Amino acid sequence: MSRFQGEEMSLFDKLTKFRDVACELVDGTNINDADEQSRRRSICGGCEFFSTTLRGPRCASCGCPLVPKWKSKSGTCPKDKFDEEVAETETP
Ligand code: SF4
């Protein structure tokens, strides 16, 4: 049985995604502002898939480290919670 629940990304897909996000962070491009990083951190903190490890917070759904997901604009949530929360806050 897998360590992680839900849909599995292949190792190649994970490495490709990690490389892309790491390049963006190193370049300093495509970085979320502090408010968006905080919003994403809060969403993950209340999520059933939030997991803490010795290497930092991880998403138990996809197995990815969370800090790059919070910092990078191209960081995605496998359950689309980042987008859902935006839609909810934009509704009057
Ligand atoms: S990335 Fe999505 S599924 Fe994973 S911990 Fe954050 S909110 Fe939950």
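The values are calculated or read from the model by the stated rules, or taken from the named source; none is laboratory data. Everything numeric in this text was worked out from a predicted model, so none of it was measured. Here the Cβ is made from the backbone with ideal geometry for all residues, glycine too, and neighbour counts use every protein chain on show.
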**Message:** Quick check on my filter: what residues within segment 45-69 are touching a helix residue (DSSP H, G or I) at 6+ places or on another chain (Cβ under 7 Å) and either among the charged types (D, E, K, R) or within 9 Å of the ligand (Cβ to nearest atom) (or both)?
**Reply:** Cys47, Phe50, Pro57, Arg58, Cys59, Cys64, Leu66, Lys69
**Message:** Six or more apart or on different chains, Cβ atoms under 8 Å: show the pairs whose first residue is in segment 62-84 and within 17 Å of Ala22 (Cα to Cα) and whose second is hydroxyl-bearing (Ser, Thr, Tyr) and modelled with pLDDT of 90 or more.
**Reply:** Lys69/Thr76
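This table checks each residue for (1) among the small types (Gly, Ala, Ser); (2) in contact with a Lys or Arg (Cβ under 6 Å, 6 or more places away or on another chain); (3) part of a loop (DSSP other than H, G, I, E, B).
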| site | (1), (2), (3) |
| --- | --- |
| Phe12 | no, no, no |
| Thr16 | no, no, no |
| Val21 | no, no, no |
| Thr52 | no, no, no |
| Cys62 | no, no, yes |
| Lys69 | no, no, no |
| Ser74 | yes, no, yes |
| Lys79 | no, no, yes |
| Glu84 | no, no, no |
**Message:** If I go through segment 24-44 residue by residue, how many of them are assigned to a helix (DSSP H, G or I), more than 13 Å from the ligand (Cβ to nearest atom) and either of a type outside the set (D, E, K, R) or more than 13 Å from the chain's Cα centre (by Cα) (or both)?
**Reply:** 7
**Complete:** Of (1) of a type in the set (D, E, K, R); (2) in a helix (DSSP H, G or I); (3) modelled with pLDDT under 75, Glu7 satisfies every one except (2)
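Within segment 19-36, which residues are touching a strand residue (DSSP E or B) at 6+ places or on another chain (Cβ under 8 Å) and at pLDDT below 80?
Val21, Glu24, Leu25
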**Unmet requirement for Cys47, which otherwise passes all of (1) more than 23 Å from Leu11 (Cβ to Cβ); (2) in a loop (DSSP other than H, G, I, E, B); (3) without any contact (Cβ under 8 Å) to a residue 12 or more places away in the chain** = (3)
